[in-house]
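Asker: Once you've had a glance at the structure underneath, I'll fire off some questions.
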Amino acid sequence: MATAPQASPSLPTGSRSGPPRIQPRRFAFRDLPSVPQYWFADNPVITHVENAFSLLIPPGERFFIRSVRHFEDRAEDPALREQIRVFAQQEGHHSQAHQDFNDSLAAFGIDVERERAYADRVIRRIERILPKKMCLGATVFFEHLTAVGAHMLFREPLIRDSMPEEMQRFWSWHAAEEIEHKAVAFDLFRAAGGGYLLRVASAITALCLIAIPFDRMVRRMMKDDGKPVTREMRAEARRIQMKIAGPQLRLLAHYFRPGFHPWDLDDRPYLEGWYESIGAEGESLSSTARA
Ligand SMILES: [Fe+2]
Ligand SMILES: [Fe+2]
């Protein structure tokens, strides 16, 4: 697990850090059956929220890849074209690993196939409704959302300490790669002529289209589970969420600044901490990376 630096990266004004190398790595669980049913803080409420997020990841990331691929010929810069290629590889690997994790939820009575089919329909519907440029705009927003989540995972020990080792490894790997490629969709959106209003409109529309289905998934899985949720469990879930919500919302809000760029937030120190923490394992994680 990454040892996150204590100081939070600042938001430099006027300085843009160059992006790190985007490196696709495959992830394999070591002992998925050892992950407990309520793997986040031993709390069913937050665990099912995270499970719903995980179930949306495979179809969501395939949507991101299609949205980016649709405009890749608008990237004149060869460096950006290469970034698009490795971005797609990373997201493909993420989908596969989340598929494995999602399958494991069946052991706890979750109707994984029902949720998988539903998540697929929800994403396909968004793709059908939105024009292509808005699909790319939505991808830009969701990439920001995941990059902020990734940043928070490395920054906030409460999040990491609430998970067993296996899930820390899993989410840290995904988070690090989300940070590495966080600006790819954004840079392509700009290269394709996407402006501020479209970027914001796409974000708001996509959020509206995903919020209710997401809530539905959480509720259905809690029903599948059948465990009565006590007042204490809800209070504990609220306590953890409140602790994280403030800084997370502030980081999310940067998206709505007209001059926003994902690398305004330089979270490379977290990445470097993770590279160091994976040490020798990085060799095997990196084995699929292009030479
Ligand atoms: Fe991803
Ligand atoms: Fe991503």
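Since every read-out is calculated from the coordinates, none of them should be taken as a lab result. These numbers were taken from a predicted model, which means no experiment stands behind them. As a convention, Cβ positions derive from the backbone with ideal geometry for all residues, glycine included, and neighbour counts pool all protein chains shown.
Asker: Out of all the residues in region 73-92, which are within 16 Å of ligand 2 (Cβ to nearest atom) and of a type outside the set (Lys, Arg)?
Answerer: Within region 73-92, the subset within 16 Å of ligand 2 (Cβ to nearest atom) is 80, 83-92.
Listed by number, the residues that qualify are 80, 83, 84, 86, 87, 88, 89, 90, 91, 92.
Asker: Then there is this: Give the number of residues within region 27-54 that are assigned to a helix (DSSP H, G or I) and more than 16 Å from ligand 2 (Cβ to nearest atom).
Answerer: 12
Asker: Output the qualifying pairs, or none if there are none: Cβ atoms under 7 angstrom, residues six or more apart or on different chains, first residue in region 122-135 and at negative phi, second residue of a type in the set (S, T, N, Q) and part of a helix (DSSP H, G or I).
Answerer: These pairs meet every condition: 130/205; 134/202; 134/205; 135/67.
Asker: Just to verify a result, which residue in region 177-233, among those that are within 30 Å of residue 23 (Cα to Cα) and hydroxyl-bearing (Ser, Thr, Tyr), is surrounded by the most Cβ atoms within 10 Å (Cβ to Cβ)?
Answerer: Result: 202.
Asker: With 65, 57 as the choices, which residue is within 16 Å of ligand 1 (Cβ to nearest atom), free of Cβ contacts under 8 Å to residues at least 60 places away in the same chain and in contact with a Gly (Cβ under 9 Å, 6 or more places away or on another chain)?
Answerer: Details: 57 fails: in contact with a Gly (Cβ under 9 Å, 6 or more places away or on another chain).
Answer to the check: 65.
Asker: Let me ask you something else. Taking region 176-201, which residues are more than 16 Å from ligand 2 (Cβ to nearest atom) and either touching a residue at least 60 places away in the same chain (Cβ under 8 Å) or in a loop (DSSP other than H, G, I, E, B) (or both)?
Answerer: The answer is 191, 192, 193, 194, 195, 196, 198, 199, 201.
Asker: Give 119, 138 a once-over and let me know the one that is within 16 Å of ligand 2 (Cβ to nearest atom), crowded, with 18+ Cβ neighbours inside 10 Å and in a helix (DSSP H, G or I).
Answerer: Among 119, 138, only 138 is within 16 Å of ligand 2 (Cβ to nearest atom), crowded, with 18+ Cβ neighbours inside 10 Å and in a helix (DSSP H, G or I).
Asker: Only residues in region 89-105 that are more than 18 Å from residue 172 (Cβ to Cβ) count as the first member; pair them with residues that are of a type in the set (Gly, Ala, Ser) and away from ligand 2 (no atom under 16 Å from the Cβ), Cβ under 9 angstrom, at least 6 apart or cross-chain, and list the lot.
Answerer: If the second residue must be of a type in the set (Gly, Ala, Ser) and away from ligand 2 (no atom under 16 Å from the Cβ), the pairs left are 89/289.
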